[in-house]
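The values are calculated or read from the model by the stated rules, or taken from the named source; none is laboratory data. Predicted model only: the values in this text are computed from it and were never measured. Using ideal geometry, Cβ is built from the backbone for each residue, glycine included, and neighbour counts are taken over all protein chains shown. What goes into the accessible areas is simple: the full protein's heavy atoms, side chains included, and nothing from ligands, DNA or RNA. Shrake-Rupley method; radii C 1.70, N 1.55, O 1.52, S 1.80 Å.
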Amino acid sequence: MKNITDFNKITPTDHDIIDLIKNRWSPRTFSDQPVSQRELQMLFEAGRWAPSSNNLQPWNIVWGIKGSKTYDRIMDVLVEFNQKWAKNAPVLLLGVVDTKTPKGDDNYHAPHDLGQFSANMAIQAQSMGIAFHQMAGLDYERAKKEFKFPETFHVATAIALGYYGGALNDVPDFLQDAETGERSRKKQNDFVFNGDYKVTGDLNES
């Protein structure tokens with residue numbers, strides 16, 4: 001039986017970056033090693049100190065450990081595609097934002113701020129050997145009702161996390177290549193512009 005950690009997941013960076021970023025990836029299976037509440041508090045603390053527009057901190061997190069009712073409720077609002085592999089995760093989370101400011105104005109920066117919260121959590125998790133897989137596939141409105149969030153809130157993402165590990169055959173066959181293959185990203189020239197859109201300046205591809 002192939003363990004996911006038997007594979008050398010290659011990150012072909014064009015420039016030097018820190019290992020916490022280079023070695024981080026989003027598996028669909030995890031070790032059986034439990035994630036403790038203390039470890040979750042460390043992850044949430046890392047997220048807590050993320051920057052946000054006007055320091056509004058619009059993020060809200062729902063969490064559940066496998067075997068709990070909250071875990072099952074989170075699982076139930078995921079789309080079927082994600083349920084097929086997220087069941088491997090020791091912990092499931094929902095990331096939720098308040099889309100209004102305290103004055104009642106639209107907070108267009110709230111999703112960006114939740115992203116910063118999640119990025120802080122992901123890097124902290126990587127430093128602890130914990131994998132962090134974010135998902136867009138969930139029933140947002142159903143999740144909002146299930147967890148009794150106010151109308152102005154938006155359930156933006158689900159997250160599966162656990163220690164790196166687990167067997168490759170715990171992942172559906174049609175997703176196994178993604179677990180073992182080389183990672184890829186767009187080149188910098190595709191999204192970094194020195195002025196107008198598509199004006200790349202002096203940046204090279206490597």
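Residues that are more than 18 Å from the chain's Cα centre (by Cα), more than 30 Å from residue 9 (Cα to Cα) and of a type in the set (Ser, Thr, Tyr) within the range 140-196 comprise just one, 152. Among the residues of the range 25-36, is there at least one that is closer than 16 Å to residue 123 by Cα, surrounded by fewer than 18 Cβ atoms within 10 Å (Cβ to Cβ) and of a type outside the set (Val, Ile, Thr)? Yes - at least one qualifying residue is present in the range 25-36.
Yes/no per residue for (1) of a type outside the set (A, V, I, L, M, F, W, C); (2) under 23 Å from residue 73 (Cβ atoms); (3) at pLDDT below 95:
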{"residue": "109", "(1), (2), (3)": "yes, no, no"}
{"residue": "120", "(1), (2), (3)": "yes, no, no"}
{"residue": "157", "(1), (2), (3)": "yes, yes, no"}
{"residue": "161", "(1), (2), (3)": "no, yes, no"}
{"residue": "170", "(1), (2), (3)": "yes, yes, yes"}
{"residue": "181", "(1), (2), (3)": "yes, no, yes"}
{"residue": "196", "(1), (2), (3)": "yes, no, yes"}
{"residue": "205", "(1), (2), (3)": "yes, no, yes"}
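In the condition set (1) outside any helix (DSSP H, G or I); (2) touching a residue at least 60 places away in the same chain (Cβ under 8 Å); (3) over 23 Å from residue 145 (Cβ atoms); (4) not hydrophobic (A, V, I, L, M, F, W, C), residue 39 is compliant with all but (1). Being among the aromatic types (Phe, Trp, Tyr), in contact (Cβ under 8 Å) with a residue 12 or more places away in the chain and open to solvent by 60 Å² or more (accessible area, probe 1.4 Å), is that true of even one residue in the range 115-129? There is no residue in the range 115-129 that is among the aromatic types (Phe, Trp, Tyr), in contact (Cβ under 8 Å) with a residue 12 or more places away in the chain and open to solvent by 60 Å² or more (accessible area, probe 1.4 Å). Scanning the range 46-61 for residues that are open to solvent by 10 Å² or more (accessible area, probe 1.4 Å), assigned to a helix (DSSP H, G or I) and within 30 Å of residue 180 (Cβ to Cβ) turns up at least one hit. Restricting 140, 197 to those that are without any contact (Cβ under 8 Å) to a residue 24 or more places away in the chain and in contact with a His (Cβ under 8 Å, 6 or more places away or on another chain) reduces the list to 140. For the range 99-131, name all the residues that are under 21 Å from residue 31 (Cβ atoms) and either of a type in the set (D, E, K, R) or not in a helix (DSSP H, G or I) (or both). Selection gives 128, 129, 130, 131.
When restricted to residues that are assigned to a helix (DSSP H, G or I) and surrounded by fewer than 19 Cβ atoms within 10 Å (Cβ to Cβ), the range 83-94 contains 2.
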